[in-house]
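Let me begin by presenting the structure, written as structure tokens, before commenting on it.
Just so it is clear, none of the values below were taken in a lab; they were calculated from the coordinates. Quick caveat, the model's predicted, so the values are computed rather than measured. Glycine gets a Cβ as well: all are built from the backbone with ideal geometry, and neighbour counts include every protein chain shown.
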Amino acid sequence: MKAVGQILKNFNPTTDKYLSREFQSYAIHLTESLDDYKHKSLYMKLAKTVHRSILEKALSFTVDSGAKNKGALFMWKLKQLKTPPGTSTTSK
């Protein structure tokens, strides 16, 4: 992951016109790491609203797993990390 200063230094307004914020760059990083370009807008929203440490933990878990559907595994792990310990995520 690049530092914010490095991203801004390499920013070219003619080619990078859709990346004007740091969270957008991180969302593109998530999209490329998960190889899930279809859900790029979802990752934009997550990068903007969810705390970065939670996203990084879920991404690390997903990339290390070697799963076929990394997007689904990422969302499952994200849900698991966001729920407080001791609460059940299954419905009866």
Self-check item: Candidates per trypsin sites (Lys or Arg not before Pro) in the stretch 36-81, loop by DSSP, up to 16 other Cβ within 10 Å
Solution: 68
Quiz item: Short version: ³J(HN,Hα) in whole Hz for each residue of the stretch 49-66, in order, from phi by Karplus 6.51 cos²θ - 1.76 cosθ + 1.60 (θ = phi - 60°), x for Gly and Pro, what are they?
Solution: 10, 9, 4, 4, 5, 5, 5, 5, 5, 5, 5, 4, 4, 5, 5, 6, 6, x
Quiz item: Under 14 Å Cα-Cα from residue 9, which aspartates and glutamates qualify once same-chain neighbours fewer than 8 residues away are excluded?
Solution: 22
